[in-house]
Amino acid sequence: MKQRDVAIIGGGFAGLMAAIACAKTGRKASVFFYGSGAFPLNSGLIDILGYDEERTWVADPLAAIGKLPAEHPYHRIGKKSIEEAALFFLDLMKDEGFGYCGSIHEQQAAVTPVGTLKPSCLTPASMQAPDFTGRDVIVIGVKGLKDCCPEMIAANLADTLKEAVNIRTLEITPESAAERDLSILDAARWLEGDGAATVIRQLAAEDGANRVFLFPQILGVRGERVYKKMQAAMKGRILETTAMPPSANGMRLRDVLMKAARRMGVEFLENARVTGYAADGKRCLSIRVTGVHEKDYRAEKFILATGGFYSGGLIAQDPGAAYEPIFDLPVVCERDPEKWTAADVFDAQPFMKAGVRTDEMLRPVDENGALVFENVHVIGRELAGYDFCREHSGNGVALASAYKAAMA
């Protein structure tokens, strides 16, 4: 039976980053995944830590980590690994021609699809909001595009920025507008083809150095190609919002990472549903994969990156009872069904902190802190002790834990 250096279970952002980090250190990594991960739900922004416990923007995310509760996975990952992971990601994306802006010591502002501003650490150039002071902002609508309301975006952005800017809306018309409604991905794929030239032509009369053209998230689905083409042709600043699912930028990020990983020799086993394992004491020997036939795969190290409840990495058939289905790892969660959720949807939700507790090498431990497996590492959303949605830390924890596990 073939022996791999590292077997990574899960092909989402955390899994792909772990695979690339392993490959960069010369180890043969194999990624086992079923589906395409949660990239259509992923903003593609790297939010290290957006909000503190009082729901206030964090000025310096790395510094603010020290104030997080002791249970937070950032404390086990450590500031050194978080910083190294961010630099690793920035260098990787620069090398892949999909550059990100920012640092883990400051927040960038990104415009949401409803016209508010959200904090993020590392953003693609197309979503890094400029200083709007004194600018003329033109919010772009697309005829036939569903789930996009430029008037609402303009109104909310004006309310946020007050008198600092002049804001208005403008609609562009695709050639196919009369044929059917468009989704975000339809529009993004249109711009990948002939659409970018059409948009540039329709905006030419409005162009100017003091203008900001704010688009819905439709600037292509492959890296920065569309953004760079449009920005090179326009005097005004090209900017796009974040997106409600499906996320075009999440798809861009997946495309870039998959291509990079394959070029580095990462092996991908698609439609591979991992259902179990074999172990000798605290050492995992192999995982069992169910496809057309069941097969065992051996490795020196295993990285579990199967996500949370949405992805099936954690399962809760009833409130108050959750489990991890592959290694049967202990799951920390609120046990009282009555306290599983908060009545106010905007309050902290206890179930969001469910997950697997680990040691400082991200290896799973039981309720007494005893090591469960010495060569299994848990990363990303499966980690216990943080509410990525409320604090805006999802991709930050995924990136930092992936890097830490790969280097362990």
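The values are calculated or read from the model by the stated rules, or taken from the named source; none is laboratory data. All figures in this text were calculated on a predicted structure; none of them were measured in a lab. When we count neighbours, we look across all protein chains shown, and the Cβ atoms used for this are built from the backbone with ideal geometry, even at glycine.
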Query - Within the range 1-50, considering residues that are closer than 20 Å to Val289 by Cα and of a type in the set (Ser, Thr, Tyr), the one modelled with the highest pLDDT - result: Ser30
Query raised in the report: What are the residues in the range 295-312 that are under 26 Å from Arg27 (Cβ atoms) and surrounded by fewer than 16 Cβ atoms within 10 Å (Cβ to Cβ), if any?
Result: Lys295, Asp296, Arg298, Glu300
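State the number of residues belonging to the range 171-214 that are loosely packed, with under 15 Cβ neighbours inside 10 Å, of a type outside the set (Val, Ile, Thr) and either in contact with a strand residue (DSSP E or B) (Cβ under 6 Å, 6 or more places away or on another chain) or in a loop (DSSP other than H, G, I, E, B) (or both).
Count: 11.
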Query raised in the report: Is it the case that the range 105-118 has a residue that's exposed (fewer than 14 other Cβ atoms within 10 Å of the Cβ) and touching a residue at least 24 places away in the same chain (Cβ under 8 Å)?
Result: yes
Report task. Starting from the range 311-331, keep only residues that are within 18 Å of Pro364 (Cβ to Cβ) and in contact (Cβ under 8 Å) with a residue 60 or more places away in the chain, then list their pairs with residues that are outside any loop (DSSP other than H, G, I, E, B) and of a type in the set (Gly, Ala, Ser) whose Cβ atoms are within a distance under 6 Å, requiring at least 6 positions of separation or different chains. Result -> Leu314/Ala322
Report summary line: Over the range 65-78, the set of residues among the charged types (D, E, K, R) and either over 21 Å from the mean Cα position of the chain (by Cα) or assigned to a loop (DSSP other than H, G, I, E, B) (or both) is Lys67, Glu71
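If I filter the range 313-322 for residues that are surrounded by fewer than 20 Cβ atoms within 10 Å (Cβ to Cβ), in contact with a strand residue (DSSP E or B) (Cβ under 6 Å, 6 or more places away or on another chain) and at pLDDT below 95, do I get at least one hit?
Yes, the range 313-322 contains at least one residue that is surrounded by fewer than 20 Cβ atoms within 10 Å (Cβ to Cβ), in contact with a strand residue (DSSP E or B) (Cβ under 6 Å, 6 or more places away or on another chain) and at pLDDT below 95.
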**Report entry** Per-region count, the range 313-368, residues more than 29 Å from Ile8 (Cβ to Cβ) and either assigned to a strand (DSSP E or B) or touching a Leu at 6+ places or on another chain (Cβ under 9 Å) (or both)
**Finding:** 1
Report summary line: Checked against (1) surrounded by 16 or more Cβ atoms within 10 Å (Cβ to Cβ); (2) within 16 Å of the chain's Cα centre (by Cα), Pro245 satisfies every condition except (1)
Report task. Taking the options Gly276, Gly220, name whichever one is in a loop (DSSP other than H, G, I, E, B) and either more than 20 Å from the chain's Cα centre (by Cα) or at positive phi (or both). Result -> Gly220
Query raised in the report: What are the residue pairs meeting all of these: first residue in the range 19-44, first residue more than 14 Å from Ala398 (Cα to Cα), second residue part of a helix (DSSP H, G or I) and not aliphatic (A, V, I, L, M), Cβ atoms under 6 Å, and 6 or more apart or on different chains?
Result: Ala29/Cys22; Val31/Gly15; Pro40/Gly250
Report summary line: Apart from one, (1) closer than 19 Å to Asp52 by Cβ; (2) part of a loop (DSSP other than H, G, I, E, B) all hold for Arg390; the odd one out is (2)
Report task. Tell me which of these Thr123 doesn't satisfy, since it passes every other one: (1) part of a strand (DSSP E or B); (2) β-branched (Val, Ile, Thr); (3) more than 16 Å from the chain's Cα centre (by Cα). Result -> (3)
Query raised in the report: Which residue pairs have Cβ atoms closer than 7 Å, lie 6 or more positions apart in sequence or on different chains, and pair a first residue in the range 145-164 that is without any contact (Cβ under 8 Å) to a residue 24 or more places away in the chain with a second residue that is acidic (Asp, Glu) and surrounded by 18 or more Cβ atoms within 10 Å (Cβ to Cβ)?
Result: none
Query raised in the report: Of all residues in the range 227-279, which are under 18 Å from Val6 (Cα atoms), modelled with pLDDT under 95 and out of contact with any Phe, Trp or Tyr (no Cβ under 6 Å at 6 or more places or on another chain)?
Result: Glu270
Requested in this report: Kindly list the number of the only condition in (1) within 31 Å of the chain's Cα centre (by Cα); (2) over 20 Å from Thr116 (Cβ atoms) that fails for Asp207.
Outcome: (1)
Report task. Run down Phe215, Phe268 and say which single residue is under 25 Å from the mean Cα position of the chain (by Cα) and either polar (S, T, N, Q) or outside the structural domain of Val165 (by TED's automatic domain parsing) (or both). Result -> Phe268
Report task. Kindly indicate whether any position in the range 337-354 is under 30 Å from Arg4 (Cα atoms) and surrounded by 14 or more Cβ atoms within 10 Å (Cβ to Cβ). Result -> no
Query raised in the report: Of everything in the range 32-64 that's more than 19 Å from the chain's Cα centre (by Cα) and in a helix (DSSP H, G or I), which residue is nearest to Gly307 (Cα to Cα)?
Result: Ala64
